[in-house]
Amino acid sequence: MSATARQAARPSRPSARVLVPRSALLGAAVTAALFAAGSVQADDAAASDSDELEPVITVIGDRIRLDSIPGSGTVIDAGILTESRVFTINEALRKVPGVFARDEEGLGLRPNLGIRGLNPTRSSKVLLLEDGIPIAYAPYGDNATYYHPPVERFERIEVLKGSGQIAYGPHTVGAVINYITPPVPGDRAGRLVASFGNKDFREIHGQVGDTFGKTGFIAHGTYKETDGARDNMHFEVGDINLKAVHELSEQQAVTVRASYYDETSQVTYSGLTLAEWQADPYQNPFRNDEMDAQRFGTSVTHRFALSPAVTFTTNAYYTYFNRDWWRQSSNSAQRPNDASDPVCAGMANLLTTCGNEGRLRQFWTAGLEPRVSMQHGLFGVDNVAEAGIRYHFEDQFRIQANGDTPSARDPGTGRNAGIREDSDRTVEAMSAFVQNRFDFGRWTVTPGVRFEHVDYERTDNLTGATGESTVDEVIPGIGATFEALPETVLFAGVHRGFAPPGVADIVTAAGGSVDLDAELSWNYELGVRANPRDGLSYEVTLFRMDFENQIVPASVAGGSGATLTSAGETLQQGLELAGNASSTGLVEWPVEIFARAAYTWLADAEYVGERYSNVTGFGAVKVTGNRLPYAPEHLFSGTIGLRTGFGLELSLEGVYTSSSFTDDLNTVAIVANGQRGEMPGYTIWNLTANYDLPVCNCTVFATAKNLGDRLYVADMSRGLIPGMPRLLQAGFEIRF
């Protein structure tokens, strides 16, 4: 679509707001739909294996076979998610070694995930998929997680960090995180979960599915509301997800998915200054800030088994995302920005004469990706070849509209209010990959290569300036496994890490090009994975990430001035450990004792090349050898629990995050605006109890997150932000 056509198609108001049902109505509709669907009787002729028909792209599978992936990987299954009663996606992913999940608002709506020392801001170095399909609203042009599905939607989570990443792309520097939704059941099945707690927490979610002849479906809905980690915050989220599978023949099946997400949040962008933190770390002066967001997504997946050895899978997907965020501050250095709002005259007038900024965004994303998997006998050995191509298109419509008062939701007139930005950003990308797994008995070798071609265009509708740029990259990789002992496999791999720059990072508003290369690295792994006996498994991984060019923020804070820059050479290397143990199969006890642990030692995360500070006023200070921001040296998550024969399950989890620096100077003392300094380490404890009632197919549960009510600094990128205080929740689950 041309820029002129897009302009004609826009709504007349600068706000891209779409009229949709409010979250409360959506929650009622979800509940009604689930109960209505649950009352339908199963068809006697329903297929019992409809889940086998469902064409879903996985990066690992139901569980990790020892030689199934040429690198490190983790699966968080439904049992772990249910047993822990995870509250946010951050809580779930902290159970994975190598993942630093930095909190923000307390509900995990906009997760900040860092992998092996990569900057966690907005999870921009991570490829997020749902059933193998990208969930980011602009994975090439603006890979930021201002939207994330609720964790309740998923049955399991796959995390792949090795050379196998090249089969997915475009981001291969950190990890592929693939969220798997529950399969369509062969017979009627469902569940309903309701819970409540402090911080005004209320949630209801559930799912129901059935199969009738050759067609099956599953529907899932979530409604939740709660206060955040600070004062003057409240969140309401509704989410509906529908999936239907139809068997066209014994060789073919098609899956259709549709989802709708609605969020209304009283949430600010800014953190606190040091003085504000010392006065009250949970305060939030920006009580008029608000975000409204909606997302609609749909996809069609077709699977065609040409023969038992050859399978074609084709994904076609489309998403629309709308986000209006009205806020009075972009970071804690802007208290408020009197230069653009002179009538405000400071924080004393924040709630009266001070204006605000509307950051209004619309995103359209579409793509088509056919893939083929083929078993063959090249060179007289067993082989599995995979190949695929992808066409992907993104269109961004961005407006900044300044309002004259704290609660204004339209651009004002006069003084400096009004439209500050009106731009289009488009991306058109073509990619292809091929990899082959050679099976030599105890050895497997999996070489592969990916190619990415990305075209960028940016148009400033206020000035008429237009600019274009292109990025091409070849991304090779190879991995190998060796069965050293029964149930023990060594693995090793190397692959090219690649992350494309966003549109605004490579094309200026004036239409010029930015001297910003793609993010490039060589990533190495060496490890061992073993199941030495029933009830015991572990994985140990040595990793090294050599960046020729790592992209980092020029400003350590988000918001105003947070452009990106080439940091040159950096190095991240260390050790990951993961283990699971259960007394079942080891000893004959009346109760089962179980334990899990995930540990990361990021021994090095430093600037290696010639590098000078990007902190204002310190441009002449050399920072080569300094530690990268937001790269804690130690991460640990450990759980111990028990399961009794009478339905009681208890688990206690400890999560430790060591200290980290927040700027390239490695400043220790926290500065006045709260955006630079050493972020102290902390430990939090989570306690969960589940009890299966003997009189029904149901469970009652209670949880205490941050059991000790530990006050800790979760983030300083836009000022000091506290982690979530103690959360006490209780609820019930009914299965039918």
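Summary of values
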item	result
Residues that are part of a strand (DSSP E or B) and among the aliphatic types (A, V, I, L, M), drawn from segment 327-376	Leu360, Ala366, Leu368, Val372, Met374
Filtered residues of segment 363-408 (kept if surrounded by fewer than 16 Cβ atoms within 10 Å (Cβ to Cβ), within 30 Å of the chain's Cα centre (by Cα) and of a type in the set (Val, Ile, Thr))	Ile389
Flag if Leu520 is at pLDDT 70 or above and farther than 19 Å from Asp472 by Cα	no
Sole residue being surrounded by fewer than 23 Cβ atoms within 10 Å (Cβ to Cβ) and either closer than 22 Å to Trp364 by Cβ or in contact (Cβ under 8 Å) with a residue 24 or more places away in the chain (or both), chosen from Tyr137, Tyr147	Tyr147
Residue match in segment 673-682 (condition: within 27 Å of Asp280 (Cβ to Cβ), in contact with a helix residue (DSSP H, G or I) (Cβ under 8 Å, 6 or more places away or on another chain) and among the charged types (D, E, K, R))	no
Failed criterion for Arg415 (all others in (1) at pLDDT 95 or above; (2) out of contact with any strand residue (DSSP E or B) (no Cβ under 7 Å at 6 or more places or on another chain) hold)	(1)
Asp460, sole failed condition from (1) acidic (Asp, Glu); (2) closer than 24 Å to Arg425 by Cβ; (3) surrounded by fewer than 16 Cβ atoms within 10 Å (Cβ to Cβ)	(3)
Residue in segment 74-98 that is surrounded by the fewest Cβ atoms within 10 Å (Cβ to Cβ), counting only those that are in contact with a strand residue (DSSP E or B) (Cβ under 7 Å, 6 or more places away or on another chain) and more than 26 Å from Ile593 (Cβ to Cβ)	Asn90
Qualifying residue in segment 139-160 (condition: within 14 Å of the chain's Cα centre (by Cα), small (Gly, Ala, Ser), modelled with pLDDT of 95 or more and farther than 22 Å from Phe451 by Cβ)	no
Set Thr699, Thr688, Thr703, Thr683: member being assigned to a strand (DSSP E or B) and surrounded by fewer than 16 Cβ atoms within 10 Å (Cβ to Cβ)	Thr683
Subset of segment 633-665 (residues that are surrounded by 19 or more Cβ atoms within 10 Å (Cβ to Cβ), in contact with a strand residue (DSSP E or B) (Cβ under 9 Å, 6 or more places away or on another chain) and assigned to a loop (DSSP other than H, G, I, E, B))	Thr662, Asp664
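Residue-by-condition table, conditions (1) over 23 Å from Phe296 (Cβ atoms); (2) not in a strand (DSSP E or B):
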| site | (1), (2) |
| --- | --- |
| Phe100 | yes, no |
| Glu104 | yes, yes |
| Arg122 | no, yes |
| Asn143 | no, yes |
| Glu158 | yes, no |
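The values are calculated or read from the model by the stated rules, or taken from the named source; none is laboratory data. The structure displayed is predicted, hence computed values, not measured ones. Glycine also receives a Cβ, built like all others from the backbone with ideal geometry; neighbour counts cover every protein chain displayed.
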